[in-house]
Protein chains: 2
Amino acid sequence: MQVGGGDLQRLRQLNSLSSIRVLRAAPGPLTLTELATLTGLSRNSVIEVVGDLHELGWITDVEPAPGSLGRPAKRYRFRTDAGHVLGVDVGVHKVLAVITDLAGRTVSSGRVAVDARTTRDERLEAVWRAVEAALVASGLSARDLWGVTVGSIGVVNREGVVTRVESLPDWAGVDLIGHLGQRLSCPITVENDSKLAALAEQRLGIASGVRDLVYLHAGRRPGAALILSGRLHHGFSGASGEVGLMEMTGWRTMAAHLERSPAARGATPEDAAGLVFTAARAGDPEALEAVNAYAHQLALGTAAMVLTLDPELVVLGGGFSRSADVLLPALRRALEPHCLRVPEIRPSTLGEECVALGAACLALEHVDDHFFSSDGSISRPAAPQRLA
Amino acid sequence: MQVGGGDLQRLRQLNSLSSIRVLRAAPGPLTLTELATLTGLSRNSVIEVVGDLHELGWITDVEPAPGSLGRPAKRYRFRTDAGHVLGVDVGVHKVLAVITDLAGRTVSSGRVAVDARTTRDERLEAVWRAVEAALVASGLSARDLWGVTVGSIGVVNREGVVTRVESLPDWAGVDLIGHLGQRLSCPITVENDSKLAALAEQRLGIASGVRDLVYLHAGRRPGAALILSGRLHHGFSGASGEVGLMEMTGWRTMAAHLERSPAARGATPEDAAGLVFTAARAGDPEALEAVNAYAHQLALGTAAMVLTLDPELVVLGGGFSRSADVLLPALRRALEPHCLRVPEIRPSTLGEECVALGAACLALEHVDDHFFSSDGSISRPAAPQRLA
C-alpha cells in the first residue's frame, strides 16, 4: 500500500486523537505498553504520539511508585490542569462563578449576593465581580480561560439572548455574550439555568451516565430540562422543558398550596415552603396535605413529559429538593395514576452550585468539540486575549 | 514516522470508510480525482481503495457520457442494489411488506388485507404471505435480505415484544422476532408503527433533514412519535409519544367528536370522520364544529409535547392527514393559546406505505451501523441462511 505525506499527517492526528481519549478516560496513569494495547497502535506509533502530546502540554509523566522492583516503566497521564473553563450562574438571589479544570473539578469560585430588586446593570456588574473573585482565588488570569458558559434564568435562544423571563422584569433581551465579550476573548455561550443544572447532574451528579432524563426544578417557580442521548436538549428556540406553561398543569400557581398552608402562617412566601416541609416531616396533617397538593400538580407536568419521552430517570432538583425525603414519595404516588411506567426518581445531589457546575460542563463540552473537531486535528486553543 | 503493519491495515480501512461515505452521499458518479478531493486522500490511496470496494461489490464503474471529448476519466458510483432490506407494516387492516435497495428505494411490495377480527395466528400467517409476495415480485430470495424491520401496532419494548396494545386484544405479547427468525436469518427488529411512520417522513418524506420533530398520528386512535437529533426516539421501555394516555388530553375519546356529529349520521365509526371532513370542507357549520372539537383535543396533547421539546416541526400524519386541508388550520389555531411558539406543521406525504417504508429505513440504519462499526472495519454481512 502506498502512503502519501498527507495521509501520514492524517494518520498521526488520528493516533494522537485516540491516545488522548484513552488517557483522559483512564482512571490512572498508563504505561506505553498499556496505551498501545488500549489504542491498538504499534509501540513505535505510541512513542511518537506521546512525544507530540508532551510537547503540546497535554500529558505529563508520572513518577513510578516508590519501592517498585526492577526498572519500572514510565507512566503517562492526561494533564487535567492544562486548561481551565469558567461557569457562571446568574440567578435571582446570587451570582456564582466557578473555575474548573479540564476534568470538571472545581478549582475556585466567587460569589456575589443579589436579589429580585437588583437592576440589570447592577446584576451585570455583579457578574464581573464574581468572575474576578474566582480568577483571583485560582491565581489565573482571564487569558487562561479556554471557554465560558453563563447560566441565566429565563428562556435563552440559540444566539444566547434571554428572550423571556418572568421573575426579573428588566432581564429579558440581555446580551450576556456581548457584555462578557468586552473583557473575555475565549468562546462564550449562554444557556438556561435549569438546563445547566440537568447537565451537571448527568455529568457530575446523581444521573451520572444516564442517557435520557427529565430534570425537575422543584421550587416556587417550577421548571424542567431534558438530557436526551446524553446531551442537553436545547430545543429549536431554547424553550424546551416549558410544559409548566400549560394551564392544565397548574405549575404557575402551584406554590400557593404551600404558601397558603396553615403551617406557613405569618411567613414570607420565600420562607413558607421550608416551614411546610418541616411540619410535614413531623407529621402535621395540614402540612402533608399542602405537600400532596403541590406534588399532585408537579406530577401533572411531569407525567406529560414522562409520557412524551419515556425517560430512564427523573431527577428532583431545585430548592425544594432539599426536602426530597417528604416531596419525592408524594411525587411518586401522584405520578402512578398517570404513567404506564413511573421512572426511577432520584433527588439532586449537587446543591446550589449545580447551575455553575453545569455551565462549566457545557464550556468543557465546547472545548472538546473544538479539540476533537471533525477534521481530526488537535490543537490548543489560541491564547485568549483581554480585549478591554 | 514509523508505520507498523496493523496501522497500515487500519489506515486502509479508514480510507475505505471515508470513500464509501463520499460515494454514497454523492448525487452522481465520481472520478478518481473528485474522490481524492472529497476524501482528502492521495490519488494512489484512492486507486487502491476503489480496487478494494470494487472487489467487495460495493461500487461499479459508469460508462462515460457518449460524445465526451478527449479520453474521458472513469467514474464510479455506489451500488445501491448491492443489497436489499425488508420493511413490514403489521396493522389492524393490512399487512404490507416492502423491499427496498440500500438507498431506500422501493423495489417491490406485497400486501394482504386483514381486519380487527383476524386472530393472532392468522395475522402472523398474513405476514408470511405478504413477505413471500414481496420476494416473488422482486425476484430475490430470503437469503438476499440484509435486514428486516417489522412495524407493529402497540407499545414495543427493547426486546421487540409488543407489551401493550388497545385495538387488538390477542396481539399483546406477540414475539415477532422469534416468529420471523424461523425462516429469516438476517438481523430482525420490531418497532411501533407510528415511530416508523415518523422515521419515514424524516428520511424520505415531508420532514427530510429536520433534526427534531413531533409526528402526530391523527386518526380514530391518535398517537405520536418523536425524532430527536435526527434519530428515532424509542424511550426507555418503548413507550415514548404516549402523552395521549393522560386523561386531560382526551385523546382516548376524542374521535367521538367526529362520530357523533350530525354530518356522520348513520355512518359506521370507520366512515364517520371522512364524511365529517368532507362536510366541513363544504362549509357545514356542525361539521366544522366537530372538526374544531377534535382539533382542540389533539392540540392539548400536541402542546404538551411541543412545550416539552420545542421541536422544529410537527408532522400531521395518520389517516386523518388526508383531510389536512381542513384539520391542519384547525389544529394550528387550537395550538396558539398554549404554545410560546407554534412550530411549523406539515401534512404527511408518504400515505399508507409510510410504516413499511419507515421499517425499511430502520433496517437500513442497522445495516449501516453494522458496516460502519466503531472498529472502523467494513464487511459485507454474512450471507443469510434460510433456517426453516
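Every read-out reported here was derived from the displayed coordinates using simple, explicitly stated rules and does not represent laboratory data. The structure displayed is predicted, hence computed values, not measured ones. Every residue, glycine among them, receives a Cβ derived from its backbone with ideal geometry; neighbour counts consider all protein chains shown.
Of note:
- If the chain linking A:Arg24 and A:Asp325 were pulled fully straight, counting 0.36 nm for each residue of separation and taking away their Cα-Cα distance, it would gain 104.7 nm.
- Each of A:Ser237, A:Ala218, A:Leu335 was placed along the dipole of the range A:208-349 (beta-carbon charges, centred on the mean Cα), and the one lying farthest toward the positive end is A:Ser237.
- For the range B:204-221, 3J(HN,Hα) per residue [Karplus equation, 6.51 cos²θ - 1.76 cosθ + 1.60, θ = phi - 60°, Hz, x = Gly/Pro]: 10, x, 6, 9, 3, x, 6, 7, 10, 8, 9, 9, 9, 8, 8, x, 5, 10
- The range B:211-349: radius of gyration over Cα atoms, expressed as a fraction of 2.2 N^0.38 Å: 1.02
- Burial ordering of B:Leu17, A:Leu327, fewest other beta-carbon atoms within 10 Å first: B:Leu17, A:Leu327
- Amide H contacts of B:Arg75: B:Val62, each under 5 Å away and 5 or more positions distant or on a separate chain (H built 1.01 Å from N in the peptide plane; Pro and chain starts excluded).
- Length gained on full extension, B:Ser229 to B:Thr80, computed as 0.36 nm times the residue gap minus the Cα-Cα distance: 51.1 nm.
- Mean-square fluctuations from a GNM of chain A, with a 10 angstrom spring cutoff on Cα atoms, peak among A:Leu340, A:Leu180, A:Leu213 at A:Leu340.
- Shown is the FRET efficiency for B:His93 and A:Asp368, computed with R0 = 60 Å from the Cβ-Cβ distance and rounded to the nearest 0.05: 0.75.
- Rounded Å value of the spacing that divides the Cα centres of the range A:19-83 and the range B:284-321: 58 Å
- Residue order, fewest to most surrounding Cβ atoms within 10 angstrom, among B:Val326, B:Val85: B:Val326, B:Val85
- For chain A, averaging the sequence separation of C-alpha pairs within contact (under 8 Å, six or more residues apart) and dividing by the residue count gives a relative contact order of 17 percent.
- Length gained when the stretch B:Ser208-B:Leu56 is fully extended (0.36 nm per residue, less Cα-Cα span): 51.7 nm
- Counting only residues at least eight positions apart within a chain, or on another chain, the aspartates and glutamates with an alpha carbon under 18 Å from that of B:Lys74 are B:Glu34, B:Glu48, B:Asp52, B:Glu55, B:Asp61, B:Glu63.
- Neighbour counts of C-beta atoms inside 10 Å place B:Trp128, A:Trp146, B:Trp171 in the sequence B:Trp128, B:Trp171, A:Trp146, starting with the fewest.
- Sequentially through the range A:16-21, phi angles give Karplus couplings (6.51, -1.76, 1.60; θ = phi - 60°) of 4, 4, 5, 5, 4, 4 Hz, Gly and Pro residues having no value and appearing as x.
- Fraction of the pair-distance distribution of chain A above 26 Å, Cα-Cα pairs, percent: 58 percent
- Helices in chain B, meaning DSSP H runs of at least 4 residues, each add -39500 (n - 2.57). Divided by all residues, the mean residue ellipticity at 222 nm is -12500 deg cm²/dmol.
- With θ taken as phi - 60° and the Karplus curve 6.51 cos²θ - 1.76 cosθ + 1.60 applied, the whole-hertz 3J(HN,Hα) list for the range A:156-163 is 10, 7, 5, 8, x, 9, 6, 9 Hz, x standing for glycine and proline.
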